[in-house]
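Remarks on the structure that follows.
Since every read-out is calculated from the coordinates, none of them should be taken as a lab result. If you're wondering where the values come from, they're calculated on a predicted model, not measured in any experiment. All Cβ positions, even for glycine, are placed from backbone atoms using ideal geometry, and neighbour counts span all protein chains on display.
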Amino acid sequence: MTRTAGQAAAGRAADGLATAGSRAAARSAGTRPAGTRAAAAQALRPAVPSTPAQHGRCDRILQAATAMLSAGGEDALQMKELSQRADVSVATLYRYFPAKDHVLLAITLRRYADALRRVSAELPRGETVRERVTSQLLRELRAAQREQQLTTALSRVLTETSRTYSEMIERIEHVHLAVLEHVAGAGGPVTEPQRQVLPIAKDSFAAATRRWLAGVSSPAQARFEIIVGCRLLDLPDAVVQEDLNRAAPPVPPVPPGPADAA
């Protein structure tokens, strides 16, 4: 069966998390003394599931972890209990998720990959790019409000995690942007200036969500900030391109050549 572009991107995103984690762990190990680098890299490198049985174990781990986070927040996510709930050994758990942050990042990536598959099968709501993206981000905010303890843990790992996990976080942001890009174009192409503005709308959503989680703002204020942030998508392409040109570093003048000097 032929997959849509969104479904294919979601599949690639889900398959790539363990690989990104492996690279991140190796990079972290490179900061250690030479005598411990190899052992540390091997200890932190997540295994990549390849068989149906291995994928099933990882699925059970992530499902159990999601339930634990939803019920009790990040403090409730204890690795030994997680292994018991997922019906895997502690050694198996650490083979695929060497640290708690690996679990949180994997859950986050899976949720956005699922969202990408979902919007790929739906007709986006709204007549304009702004209306469609606003509708999607408000939908995500409502989901966050329904699962506040889970959202708090996943938000924390995206903002406070060591740079060791930067590749995994970058992959998550890429998939989130793919969701918004698909919604923005209603399944069709998005102009390059619109694509440049989408990360700003996404960041407005993330900042509004964090302030709401911290108790700094109300749900109504969070919705307002998201709506206002998305209004940037109404800017004409020419205006966005002009601002991109202004933000670009100046091009140094080319020194005259021998022929010019003559």
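As a footprinting exposure proxy, order Val48, Val88 by other Cβ within 10 Å, with the fewest listed first.
Details: Val48 15, Val88 20.
Ranking Val48, Val88 by Cβ neighbours within 10 Å, fewest first, gives Val48, Val88.
How much length is gained on full extension from Thr128 to Val216, taking 0.36 nm per residue of separation minus their Cα-Cα distance? Walk me through the numbers on the way to the answer.
Details: separation 88, 0.36 × 88 = 31.68 nm, distance 3.11 nm.
In short, 28.6 nm is gained.
Mind listing the phi-derived Karplus ³J(HN,Hα) values for the stretch 147-154, rounded to whole Hz, using 6.51, -1.76 and 1.60 with θ = phi - 60°, and x for any glycine or proline?
Rounded to whole hertz, the list is 10, 5, 5, 5, 4, 4, 5, 6.
Starting at the first residue of the stretch 122-134, write each ³J(HN,Hα) from the Karplus equation 6.51 cos²θ - 1.76 cosθ + 1.60 with θ = phi - 60°, in whole Hz, x for Gly and Pro.
Each residue of the stretch 122-134 in turn: 10, 9, x, 8, x, 8, 10, 4, 4, 5, 5, 5, 4 Hz.
Per-residue HN-Hα couplings for the stretch 50-62, Karplus 6.51 cos²θ - 1.76 cosθ + 1.60 at θ = phi - 60°, whole Hz, x for Gly and Pro?
Per-residue couplings from phi come out as 10, 9, x, 5, 5, 4, x, 4, 5, 4, 5, 4, 5 Hz.
Tell me the net charge near Arg85. Cut-off is 14 Å between Cβ atoms, Arg85 excluded, with +1 for each Lys or Arg and -1 for each Asp or Glu.
Details: positive: Arg57, Arg60, Lys80; negative: Asp59, Glu81, Asp87.
So the environment of Arg85 carries a net charge of 0.
Could the peptides 61-72, 174-185 be put in order, highest first, of the mean number of other beta-carbon atoms found within 10 Å of their residues? Before the final figure, lay out each step's value.
Details: 61-72: 18.6, 174-185: 22.9.
In decreasing order of mean packing, 61-72, 174-185 become 174-185, 61-72.
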